[in-house]
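Heads up, the thing below is written out as C-alpha cells.
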C-alpha cells in the first residue's frame, strides 16, 4: 500500500509499490511550507512568505528553545550557526593517552603529532581541542575506525595550556611553544617566533602555568 500506518511501532510509511512518497505541510491559508520528496530525496523548508529553519538539539535540550540548538540552519540569512567555537581537524597522534585537551602539539615522525617540548618550535601544529567550555564547532577528517586520532584546533577560540614563568602573558600577546611540554608561552623574540606562533592570548596570566582562551592563528 502507498501509505501504511504501523501502530505497533508508531511508524508511518509513504510510497513504494510504484508510487513516490511525499509529505507536504501547509499553513492555514493552504501555502506549502515544508515538502519532503522521497523520489528526489529532497527537503524544502520555508518560502511563500516564511523563512525555513532547521534546529538540531542535544539530548539535554527541550527541543523548543532555539538558543539551545547545537546547530541552526537559518534559511532567512543563509547562515549555518554552530554553538561551539573552533574549527578542528582529526590528526594521527603518537601517544593519544598523553594528549589531553589544551595541549600544544608539534609534528613528529611520519607526520604524526606529539606533545611539543621545545621553545619556538617551528613544527608546532596547534592545540588539542575541547578543553574547558570551548568545544570544536567543526571537526574535519574524522575516522571512526581509529582511536589514534585527536582533534587539533586550526583556527578559532580554544583553551590552551600556557606557562607565564617565561614572561607574564597579557591579552593580545602572540604565543609560541614553551620548553614546558605541551604549553605555550609569550613570544618575546620576533626572529625566533617566525613560523612558530600559535595564536593570540585572549586572557592574562601573570605567573605560573594555567589554561587560558587563545585565538588560534598559526604563523
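The values are calculated or read from the model by the stated rules, or taken from the named source; none is laboratory data. Since the structure is predicted, the reported quantities are computational estimates derived from the model, not experimental observations. Every residue, glycine among them, receives a Cβ derived from its backbone with ideal geometry; neighbour counts consider all protein chains shown.
Just to verify a result, which residue in the range 119-150, among those that are at positive phi and without any contact (Cβ under 8 Å) to a residue 60 or more places away in the chain, is surrounded by the most Cβ atoms within 10 Å (Cβ to Cβ)?
130
Does residue 86 meet the test of being touching a strand residue (DSSP E or B) at 6+ places or on another chain (Cβ under 8 Å) and more than 18 Å from residue 219 (Cβ to Cβ)?
The answer is no for residue 86.
Going by the conditions given, is residue 43 more than 30 Å from residue 199 (Cα to Cα) and either touching a helix residue (DSSP H, G or I) at 6+ places or on another chain (Cβ under 8 Å) or part of a strand (DSSP E or B) (or both)?
Yes, satisfied.
Assess whether residue 154 counts as being closer than 27 Å to residue 71 by Cβ and surrounded by fewer than 19 Cβ atoms within 10 Å (Cβ to Cβ).
Considered against the rule, which asks whether it is closer than 27 Å to residue 71 by Cβ and surrounded by fewer than 19 Cβ atoms within 10 Å (Cβ to Cβ), residue 154 comes out as no.
Identify all residues within the range 1-16 that are touching a strand residue (DSSP E or B) at 6+ places or on another chain (Cβ under 8 Å), in a strand (DSSP E or B) and surrounded by 10 or more Cβ atoms within 10 Å (Cβ to Cβ); write none if there are none.
Listed by number, the residues that qualify are 3, 4, 5, 12, 13, 14.
Kindly evaluate residue 203 against the criterion of being at pLDDT 95 or above and outside any strand (DSSP E or B).
Yes; evaluated as a whole, the condition is true for this residue.
For the range 175-192, name all the residues that are closer than 21 Å to residue 108 by Cβ, outside any loop (DSSP other than H, G, I, E, B) and more than 25 Å from the chain's Cα centre (by Cα).
Matches in the range 175-192: 192 only.
Can you tell me which residue among 187, 164, 168 is touching a residue at least 60 places away in the same chain (Cβ under 8 Å) and either assigned by TED's automatic domain parsing to the domain that holds residue 100 or farther than 21 Å from residue 97 by Cβ (or both)?
It is 187.
Select, from 171, 158, the only residue that is within 23 Å of residue 84 (Cα to Cα) and in a strand (DSSP E or B).
Testing whether each residue is within 23 Å of residue 84 (Cα to Cα) and in a strand (DSSP E or B) leaves just 158.
I'm trying to understand the selection: among the residues of the range 17-28, which are surrounded by 11 or more Cβ atoms within 10 Å (Cβ to Cβ) and part of a strand (DSSP E or B)?
Passing the criteria: 19, 22, 23, 24, 26.
Inspect the range 114-137 for any residue being in contact with a helix residue (DSSP H, G or I) (Cβ under 9 Å, 6 or more places away or on another chain), at pLDDT 90 or above and either more than 17 Å from residue 186 (Cα to Cα) or assigned by TED's automatic domain parsing to the domain that holds residue 71 (or both) and give the result as yes or no.
Looking through the range 114-137, at least one residue is in contact with a helix residue (DSSP H, G or I) (Cβ under 9 Å, 6 or more places away or on another chain), at pLDDT 90 or above and either more than 17 Å from residue 186 (Cα to Cα) or assigned by TED's automatic domain parsing to the domain that holds residue 71 (or both).
Against the definition (within 22 Å of the chain's Cα centre (by Cα) and exposed (fewer than 14 other Cβ atoms within 10 Å of the Cβ)), how does residue 58 come out, yes or no?
Criteria met by residue 58.
Name, by its number, the condition in (1) out of contact with any helix residue (DSSP H, G or I) (no Cβ under 9 Å at 6 or more places or on another chain); (2) surrounded by 12 or more Cβ atoms within 10 Å (Cβ to Cβ); (3) touching a residue at least 12 places away in the same chain (Cβ under 8 Å) that does not hold for residue 31.
(2)
Could you pull out the residue among 213, 181 that is assigned by TED's automatic domain parsing to the domain that holds residue 101 and within 30 Å of residue 81 (Cα to Cα)?
Answer to the selection: 213.
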